[in-house]
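The values are calculated or read from the model by the stated rules, or taken from the named source; none is laboratory data. Small disclaimer: the values here were computed from a predicted structure and weren't measured. Ideal geometry is used to build each Cβ from the backbone, glycine not excepted, and the neighbour counts take in all protein chains shown. In case anyone asks, the SASA skips ligands and DNA or RNA and just uses the protein heavy atoms, side chains included. Shrake-Rupley method; radii C 1.70, N 1.55, O 1.52, S 1.80 Å.
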Amino acid sequence: MILKIKCTECGTEGSLSLADPVYHGPYRCWKCRALFTIKIEDNQLKTCEPLTEEGLKQHEAELKKQQEIDALRAKFKRQ
Ligand SMILES: [Zn+2]
């Protein structure tokens, strides 16, 4: 499903395609490049908070770490 998200900085409407009705993560405005952390529940935007580049890096690092843990788990499962 595609959700419309309005940038609180410039008012431009962007869209985000979602696989789940729940999402919590970063969103970047395609026009002004402003970063937000958004929270979606039941296909509705619940919160939209400004996010810094630093915060995004942290989020990506956490995501990468989780992927590495998942990969490691999958590896051990096979043995
Ligand atoms: Zn914007």
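For a paramagnetic label modelled on E53 (point 7 Å from Cα along Cα→Cβ), amide N atoms under 18 Å away belong, within the range 9-41, to 26-37. Dividing the summed helix terms, -39500 (n - 2.57) for each DSSP H run of n ≥ 4, by the number of residues in the chain produces a 222 nm estimate of -11500 deg cm²/dmol to the nearest 500. Spacing of the modelled spin labels on L45 and S17, each 7 Å from Cα toward Cβ, amounts to 2.0 nm. Could you give the dipole magnitude of the chain about its Cα centre, charging the beta-carbon of Lys and Arg +1 and that of Asp and Glu -1, in debye to the nearest 20? I would put it at about 340 debye. Accessible surface for the range 13-79, divided over its residues, is 79 Å² per residue with a 1.4 Å probe.
All other residues whose Cβ lies under 14 angstrom from that of A61 are scored, Lys and Arg at +1 and Asp and Glu at -1, for a net of -2. Summarising the amide proton neighbourhood of A34: residues at separation of 5 or more, or on other chains, whose placed amide H is nearer than 5 Å comprise C29. Overall shape: prolate for the chain, with the ratio a/c of the largest to smallest alpha carbon gyration tensor axis at 1.5 or above and a/b above b/c. In the assembled protein chains, R73 presents an accessible area of approximately 140 Å² (probe radius 1.4 Å). Close Lys pairs in the chain (alpha-carbon distance under 19 Å; sequence gap of 8 or more, or different chains): 11.
The fraction of accessible area contributed by carbon and sulfur in the range 1-58 is 48 percent, rounded to a whole number (1.4 Å probe; ligands and nucleic acids excluded). In the elastic network of the chain, a GNM with C-alpha springs shorter than 10 Å, the most mobile of L18, L45, L35 is L18.
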